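Working notes for the structure below.
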Amino acid sequence: MSTESIPWPNSAVTPAPLVERLHEWVTTVDHKRLGILYILYALLFLVIGGAEATIMRIQLIRPHNHFVSPQVFNRMFTMHGTTMIFFSAMPILFGFANYLIPLMIGARDMAFPRLNAFSFWMTAFGGLLLYVSFLGGDGLYGAGNAPDVGWFAYAPLTSKTFSRGHSTDFWILSLLVSGFGSIGTAINIIATILCMRCRGMTLGKMPLLAWLNLTMAGLVILAVSPLTAAQLMLLVDRYLGGHFFDTQAGGSAVMWMHFFWVFGHPEVYVLVIPAFAFASEIIPVFSRKAIFGYPVMVAATVCIGFISMSVWAHHMFTVGMSSAANTFFVLSTMAIAVPTGIKIFNWLATMWGGQIHFKTPMLFCVAFLFQFLIAGLTGVMLSSAPFDWQLGNSYFVIAHFHYVIVGGILFTLFGAFYYWFPKMSGKMYNEALGKLHFWLFIIGFHLTFDFMHIPGILGMPRRIYTYEPGRGWDIWNLIVTIGVFVQAASMLVFIGNLLWSYFRGEIAGSDPWDAWTLEWSTTSPPPPYNFAAIPEVKSRRPLWDLEHPEDPDWLYE
Amino acid sequence: MSAPSATMPEANIPWSLPARGPVGMYCLIAAETAIFTIFVVAYIFYIGKSLSGPQPQDVLRVPIFFTICLLSSSLTMHFAVKLLRGGRMRSFGLWWLLTIALGTIFLVGTFREWRHLIYDEGLTIQTNLFGTTYYSLVGLHAFHVTVGLLALATVSIFTLLGHVRQEHAERAEVLSLYWHFVDVVWVVVFVVVYVIGR
């Protein structure tokens, strides 16, 4: 279909001076620009967090290594975890949600554009605050620097007694501030999806991406708020002399664990549900089939959302809970594998019998299917409390959740980058470089995280800065670190591809994938108002209906 | 065909969606509920776990009058919004001011209670677990009342300047949702702190 009818309003005019353009970006309330700001900001932190991981892996490459001191190692794993979860994964997913949801539901912007800008700048400020700790965290007695209490910051390590100076305060405040941003964005996503859909787009006709992000936003509201509350309590303890987590005065350190993981486990689903959303958009388009089992996909997603609120204490089996609590959390954790399994079968059924085009986005999604399955299997293993007692806090756990976050989430995210890059930039990416990125990354990923399971089973605990030779861990740690360098090389290819394609890529056109959702009906990149006339839909694949008036989808839905 | 119109010729179905204001406010209320839930859980978990006095049964007095004031402010708020929707600006302004007055009386009550506890009973946030959880939970609620009062005061300033008109009723209603929520939270706090906790 032709899409040249509405030109970018300023395209013929000479570009405004740099300062003016920067000013426009800083003051923007446009969902597309905020989405891109979120994504670029998160990419920056992805690189920083990756550098911190690399420092840790170099330290662990051989026994008795002296690349960094134990103190620096503690800061590195704390900053790596905090950065990757709060300032890389979440903003990047919010960025895609921001950019895509209004376009996919046929709206001109989010429901609350100014709240949107506010949320982004809160998140951005939170990230800066965390990293200022490297400069300003040196409080009393020269203790501290960057936070070094681990990303889940168990009490009583975070009390004034054990964590002097201000490094922990930087951690608390940065998460508090970015938490407000996350809640703001979640409110915005829900209001946008419920109140801004174009004519004819009933809830049952929304693209799956909108449904999954709706669930994700609900989880953010219910999960990030408890973290905010827990951080407020920790601030009361640290600044006003309260006793919430002070065991000397009758307080409970286990309370903090519960409060943190009430946030921490749904957070995993906050991250993985948008990843499912990308897979649910990309796999049908590159299989040339409509998604298999749309209603079941929606039901499974909402089901995952509900169950994920009741599994948090599987992070605490090793703490020693009552057997009733252990049993409950074992069963609820295993139960969540059911809707997740349903989704995997639906994606496979979507591909089954389709004309599969192995472009880069599809490659990443296929790899995601396999890797997420393995991550889920080790998850079911760890969900069994006796097994967890053996391997809790070992590198097996680290390998498991990196399999989820890197092998599942990051892979689909790269798929999403390649899939929507033509829409966001108006240019095609370089397919050869994209494939090179994929193969390098999948080799690096498997070198690192497949072999990381083994030292875990052999008893290597997490968060140790070095280890004795002769325990059978040496060779595995060497392989894991080599894998990190392959991953780093693939990231260079990825960033190089983005830059090269942005400046030199071919013009993409409005619908390079022959896809079916509304974002492909407008120009690439879309004009500030998205749609000259608000579209009207009759099925889940409006562009299919347009191109095939003789056999439209709405006859069958 | 021009790109953005994915219009079907015969599509002419009725189409209405919820207003974004109330939806946004309900989401905010859900988030606030989660925050308060954590504080309430902490309060209940720590009942009777203080290692030293004073204990709640010795020092807490049930603030019945101030509770009545806060709860009736929800009622006056409801009337005020109804009057605004009917376009009766003078009565709206009066009921709105009455709401602010009742909310302020409640805050005065909290202030007097805290002064009594701090100066007469020697209970501060540092004294024991009861002090920590009590001041945090009641303080968090009082903070929300304060924020609500500031928002209400902003509206009344605009009313006095004549900027509030009948078509703003929906926005006032969104604000009233928040105010009702703060009242409901007080019912929970009241039950937990002054009934169960004693």
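Screening chain A for whole DSSP H helices with an alpha carbon extent of at least 30 angstrom along the helix axis and a mean Kyte-Doolittle hydropathy of at least 1.6 yields A:360-383. In straight-distance terms, cross-link reach from A:Lys359 covers every one of the lysines whose alpha-carbon lies under 23 Å from its own, apart from those fewer than eight places away in the same chain; here that gives A:Lys289, A:Lys343, A:Lys423, A:Lys427, A:Lys435. Once the mean of 1/r is taken over each pair of separate Cα atoms and inverted, region B:41-198 shows a Kirkwood hydrodynamic radius of 16.8 Å. Remark: relative contact order (region A:134-235) = 26 percent; criterion is Cα-Cα distance under 8 angstrom and separation of 6 or more residues.
In region A:235-378, a dipole from Cβ-located charges (positive for Lys and Arg, negative for Asp and Glu) runs towards its positive end, and of A:Leu331, A:Ser287, A:Val254 it is A:Ser287 whose Cα lies farthest in that direction. Positive-end ranking of A:Ala191, A:Ala107, A:Tyr395 along the dipole of the protein assembly as shown, with charges on Cβ about the Cα centre, is headed by A:Ala191. Under 5 Å between amide hydrogens, built in the peptide plane, is the criterion, and for A:Lys427 it picks out A:Ala508 among residues at least 5 positions away or on other chains. Between A:Ser394 and A:Arg462, the built amide H atoms are under 5 Å apart, and every one of these is 5 or more places off in sequence or on another chain. Return the ratio Rg/(2.2 N^0.38 Å) for the protein assembly as shown, where Rg is computed over Cα atoms only. Against the empirical 2.2 N^0.38 Å value, I get 1.01 for the protein assembly as shown. For a Förster distance of 22 Å, can you work out the FRET efficiency between the beta-carbons of B:Asp120 and A:Leu240, rounded to the nearest 0.05? Here the calculated transfer efficiency is 0.60. Applying 1/(1 + (r/R0)^6) with R0 = 30 Å to the Cβ-Cβ distance of B:Val147 and B:Ile64 gives a FRET efficiency near 0.75.
In percent, rounded to a whole number, the relative contact order of chain A is 16, using alpha-carbon pairs under 8 Å and six or more apart.
Panel order for A:Trp312, A:Trp439, by other beta carbons found within 10 Å of each beta carbon, from fewest to most: A:Trp439, A:Trp312. Once the Cα atoms of helix B:169-189 and of chain B are each reduced to a long axis, what angle between those two axes, in degrees from 0 to 90 to the nearest 10, is obtained? Between helix and principal axis, roughly 20 degrees. Which whole-number percentage describes the relative contact order of region B:20-196, with Cα contacts under 8 Å and a sequence gap of 6 or more? Here the relative contact order equals 35 percent. Estimated purely from DSSP H runs of n ≥ 4, each contributing -39500 (n - 2.57), the mean residue ellipticity at 222 nm for chain B is -23500 deg cm²/dmol once divided by its residues. Using Cα atoms only, what is the angle between the long axis of helix B:20-45 and the major principal axis of chain B, expressed in degrees (0 to 90) to the nearest 10? Between the helix axis and the principal axis of chain B, the angle is about 20 degrees. The loop-placed chymotrypsin sites (Phe, Trp or Tyr not before Pro) in region A:157-222, going by DSSP, that have at most 14 neighbouring Cβ atoms within 10 Å of their Cβ come out as A:Phe162.
FYI, it's all coordinate maths here, none of it is from the lab. Given the structure is predicted, the values throughout are model-derived calculations rather than measurements. When we count neighbours, we look across all protein chains shown, and the Cβ atoms used for this are built from the backbone with ideal geometry, even at glycine.
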